[in-house]
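A short worksheet on the structure shown next.
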Amino acid sequence: MDSRNGSVSETPLDAEIGSFFDSAPPLKDCDGIAKKLKDFIEFNSPPPGKGSPTGVVCVTSGGTTVPLEQCCVRYIDNFSSGHRGATSTEYFIKAGYAVIFLYRRGTFQPYCRSLPEDSLLECFECSDDSAIQVRQPYAEAVKRAISDHHAAVAGGHLLKIPFTTIFEYLQILRSIAMSMRDLGSHAVYYLAAAVSDFYVPWKSMAEHKIQSASGPLDMRLVQVPKMLSALKKAWAPMAFCISFKLETDSKILLEKAEMALKKYRMHMVVANELSTRKEEVTVVTGNEKILVCRDKTQSDSDVEEPLIELIVGRHSAYVKDSDL
Ligand code: PMT
């Protein structure tokens, strides 16, 4: 077995994946992350029984960056606010799952969506005796965010791991997959992060800030290997896998989602269009296309609530089938 990607015999894709990881800069605090993952999985894998979680979900959220310089000043970014991942995390935890939240630094966080964007400055004020207090209009929202968030983390149901670059994201995703391996069908991957398709290999990357005086920039980007294949075939063959397909042209969306479902052997592909992604998504499975919409009669409703309800139902059926 190839220790880099867990595959049994090397295919061209395995070689591409191997070369991606071999040439990536070493992950900072690799051992610390592995320890946190080990403890979290151990805590959340008691024998099935009263109060034990239904499974562990790896939720990925936010966009990966592609650095253009090793001492990075410039980078290519991928669009994702992290709203989908953060909100979905809350519903998975509410449904009894433990969540590993792999998120891009600076993006939306679980339990914080009812707070204003600049929450530190907006929600708090200094009184005359220099004590910090919550401003009245935000009192309820701040209290709820803090208590729900702390309960999830302290209760061992939420582990948050940040990334910035494509190198960090894929190295951590692989570590998560290795840690979750023994969970079998109880492991769920909900891959909402927007992942770069092209990158500059570390070894061919300029060390220092690229100088504009050198004239127009000519740079070759290499294709990032699709990790969905490695995840499904080698890293987590028993896991329940949900990937996302984002398009801006609605005419090609469902066709691309169906292609991804078949090619990467996902259990579900959530198809969304950029402009309507907060209103509706279409869940593509082997034999269905299910339109999932936000309840438009409620101003504070979101599409993630019915989406996670659907996924939880399908995952439970999958676990039952796998246990037979
Ligand atoms: O964060 P929000 O603002 O709320 O927006 C949510 C979202 C629109 C970002 C989210 O719902 C979404 O669609 N995320 C996936 C976007 C995306 O990157 O699509 P893609 O076509 O590039 O990739 C499809 C799948 O392949 C993804 O699940 C991705 O994890 C995976 N992938 C992509 C590239 C790569 N090299 N390897 C991969 O495995």
- Message: Per residue, how large is the accessible surface of segment 127-284? Use a 1.4 angstrom probe and give square angstrom.
- Response: 52
- Item | Vicinal HN-Hα couplings computed from phi for segment 299-308 (Karplus, 6.51 cos²θ - 1.76 cosθ + 1.60; Hz; Gly/Pro x) | 5, 9, 7, 9, 6, 5, 4, x, 5, 5
- Query: At a Förster distance of 41 Å, what's the computed FRET efficiency of residue 39 paired with residue 275, Cβ-Cβ distance as r, to 0.05?
  - Reply: 0.50
- Query: What residue among 269, 195, 134 shows peak mean-square fluctuation when the chain is described by a Gaussian network model with Cα springs under 10 Å?
  - Reply: 134
- Any idea how far apart residue 125 and residue 150 come out in nm if each label point goes 7 Å out from Cα toward Cβ? 2.3
- Task: Please list the non-local residues whose amide H lies under 5 Å from the amide H of residue 206, H modeled 1.01 Å from N, same-chain partners needing a gap of 5 or more.
- Result: 70
- Built amide H within the under 5 Å cut-off of residue 161, gap 5+: 101, 102, 103
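Given DSSP loops and a limit of at most 10 other Cβ atoms within 10 Å, what is the longest stretch of the chain that contains no such GluC sites (Glu not before Pro)? Provide the component values of the computation, followed by the final result.
On the way: sites that count: 117, 207, 288.
Within the chain, the longest run free of exposed GluC sites (Glu not before Pro) spans 1-116.
Carbon and sulfur together cover what percent of the accessible area of segment 18-165 at a 1.4 Å probe radius?
Carbon and sulfur: 57 percent of the exposed surface of segment 18-165.
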- Item | For the chain, built as a Gaussian network whose Cα springs stay under 10 Å, the top-fluctuating residue of 78, 287, 272 | 287
- Note on the structure: Charge tally for neighbours of residue 103 with beta carbon under 14 Å away, counting Lys, Arg as +1 and Asp, Glu as -1, is +3
- Item | Percent accessible area from carbon and sulfur atoms, segment 222-276, protein chains only, probe 1.4 Å | 55
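The values are calculated or read from the model by the stated rules, or taken from the named source; none is laboratory data. Small disclaimer: the values here were computed from a predicted structure and weren't measured. A quick note on method: Cβ atoms are made from the backbone with ideal geometry, for glycine too, and the neighbour counts reach across all protein chains shown. Accessible surface areas use protein heavy atoms only, side chains included; no ligands, DNA or RNA. Shrake-Rupley method; radii C 1.70, N 1.55, O 1.52, S 1.80 Å.
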